[in-house]
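First comes the structure, then the notes that go with it.
The values are calculated or read from the model by the stated rules, or taken from the named source; none is laboratory data. This structure is a prediction, so every number in the text was calculated from the model and none was measured. Cβ: placed from backbone, ideal geometry, glycine included. Neighbour counts: every protein chain shown. To get the accessible areas, we keep the full protein, side chains included, count just its heavy atoms, and leave off ligands, DNA and RNA. Shrake-Rupley method; radii C 1.70, N 1.55, O 1.52, S 1.80 Å.
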Amino acid sequence: MEVYLDNSATTRCFDSVAELVCKVMTSDYGNPSSMHNKGVESEKYIRHAREIIAKNLKVNEKEILFTSGGTEADNLALIGTAYANYRAGRHLVTTAIEHPAILQTMQYLEKQGFEVTYLPVDTNGRIRLEDLRRALRPDTILVSVMHTNNEIGSLQPIAQAGELIKRYNPAIVFHVDAVQGYGKFRIYPKRMYIDLLSVSGHKIHGPKGIGFLYINEKIKIRPIIFGGGQQKGMRSGTENVPAIAGMGLAIEKIYENLDEENARIYQLKQRFIDGVKKIPDVKINGLTGIDAAPHIVSLSVRGVRSEVLLHALEDKGIYVSAGSACASNKPSVSATLKAIGVEKDLLDSTIRFSFSVYTTKEEIDYTLQNLYDIIPMLRKYTRH
């Protein structure tokens, strides 16, 4: 039996999405900048996907910019905003548990002369609004807060944070990395005071190598990629039409039955958590109910290194992650786990399970049964 529980790293494409991507690659393959019919056909796919996204977010179509994924969207949001607004100030605010696409970009901007405040989080991985309020200054130009944490599934109070920021200074740009939250929650930037929103296609059963950045038309932002002037000069380069079309369809499908699917996945998550609680010395990181993401469970297994458990599960056909997929091949300790106060001896003993619309009750039960067998066996052979 094969059980894929690493959906926060990437998801299996919907079959209909894969078929559409193939069609655009092999039949409707024109360059959207070309003036002949093949180019016009391609441009229609881009326009249709933009319509789908704009309708879903309740924003204007011209506010959607296609990128190569969440990382590029995050980089453009931070660097583009910082460079466009530096005369108003050089102070940026983010959180201690952001994805490396945010944290490393902030570190780059620090080297360029910007000052960054990193907000702490509580033991459940949530910022305190009072900390955010205290961090804001007259020279603050940008605040970036993730919607859903990719390792423990914590949710941030985005609307309240946005309102607080805009009440302090309407000119401060509010960016939200929604790579893990989009497709799980309904997000409306205009209502939530969000100026910039990053999304990735392959987290929502769309293709890899595609994402988008919502950009409020009223804010100042500079491009960071230059060339042929596509997308009104904000992101040069021939558009990835097959992936754009596929992402548009994936968004339609994921939001079709969102409430029903979320309820089902929350039930699976609770079934998994109830089962895990039967194993001694296993700690669940973060909140576990509907006040956290439906699809992520982080477990720290005392006495068992995460890499060892990961491969033991893999031998049984169960695929999980030792944390963020973007950082799991590096020896560095998770910034998120450190920020929420996970005990030192558990930092290297943490596994992330993440579910999707394809996850079944049978897969959850199969995984639990293997955890019941594997963890005592690994502990027995662990040297103390």
Just checking, which of K55, K44, K62, K23 is loosely packed, with under 15 Cβ neighbours inside 10 Å, over 21 Å from D177 (Cβ atoms), of a type in the set (K, R) and more than 25 Å from the chain's Cα centre (by Cα)? K44
Limited to segment 280-307, what total is found for residues that are of a type in the set (A, V, I, L, M), under 26 Å from M1 (Cβ atoms) and crowded, with 16+ Cβ neighbours inside 10 Å? 7
If you check G246 against the conditions, is it open to solvent by less than 30 Å² (accessible area, probe 1.4 Å) and on the phi > 0 side of the Ramachandran plot? no
Would you check if there is a residue in segment 118-138 being charged (D, E, K, R), open to solvent by less than 40 Å² (accessible area, probe 1.4 Å), in a loop (DSSP other than H, G, I, E, B) and touching a Ser or Thr at 6+ places or on another chain (Cβ under 9 Å)? no
When residues of segment 107-117 are limited to those that are under 23 Å from I340 (Cα atoms) and in contact with a helix residue (DSSP H, G or I) (Cβ under 6 Å, 6 or more places away or on another chain), the one most open to solvent (accessible area, probe 1.4 Å): T117
Can you find even one residue in segment 246-266 that is within 18 Å of R352 (Cβ to Cβ), among the polar types (S, T, N, Q) and part of a helix (DSSP H, G or I)? no
For S144, which of the numbered conditions (1) in contact with a His (Cβ under 6 Å, 6 or more places away or on another chain); (2) open to solvent by 60 Å² or more (accessible area, probe 1.4 Å) fails to hold? (2)
What pairs come up if the first residue lies in segment 30-51 and is assigned to a loop (DSSP other than H, G, I, E, B), the second is surrounded by fewer than 14 Cβ atoms within 10 Å (Cβ to Cβ) and of a type in the set (S, T, N, Q), and their beta carbons are under 9 Å apart, counting only those six or more places apart or on different chains? G30/N37; N31/T238; P32/T238; S33/T238
Which members of segment 182-203 meet the condition of being touching a Ser or Thr at 6+ places or on another chain (Cβ under 8 Å) and over 23 Å from I221 (Cα atoms)? K184, F185, H202, K203
Selection from segment 334-384 of residues that are of a type in the set (D, E, K, R), under 19 Å from L313 (Cβ atoms) and either modelled with pLDDT under 95 or open to solvent by 80 Å² or more (accessible area, probe 1.4 Å) (or both): D348, K361, E362, D373, R379, K380
Exception for V59 within (1) under 17 Å from P223 (Cα atoms); (2) out of contact with any Gly (no Cβ under 7 Å at 6 or more places or on another chain); (3) among the hydrophobic types (A, V, I, L, M, F, W, C) falls at (1)
Counted residues in segment 69-106 being crowded, with 19+ Cβ neighbours inside 10 Å, within 17 Å of the chain's Cα centre (by Cα) and assigned to a loop (DSSP other than H, G, I, E, B) come to 4
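Which members of segment 149-169 meet the condition of being of a type in the set (V, I, T) and either open to solvent by 40 Å² or more (accessible area, probe 1.4 Å) or under 13 Å from I127 (Cβ atoms) (or both)?
The answer is I158, I165.
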Out of Y188, Y193, report the one residue that is part of a loop (DSSP other than H, G, I, E, B), free of Cβ contacts under 8 Å to residues at least 60 places away in the same chain and in contact with a Lys or Arg (Cβ under 8 Å, 6 or more places away or on another chain). Y193
Can you work out which of the residues in segment 114-160 that are touching a residue at least 60 places away in the same chain (Cβ under 8 Å) and closer than 18 Å to V173 by Cα is farthest from the chain's Cα centre (by Cα)? I141
Can you tell me which of (1) surrounded by 17 or more Cβ atoms within 10 Å (Cβ to Cβ); (2) acidic (D, E); (3) over 20 Å from the mean Cα position of the chain (by Cα) is the one E217 doesn't meet? (1)
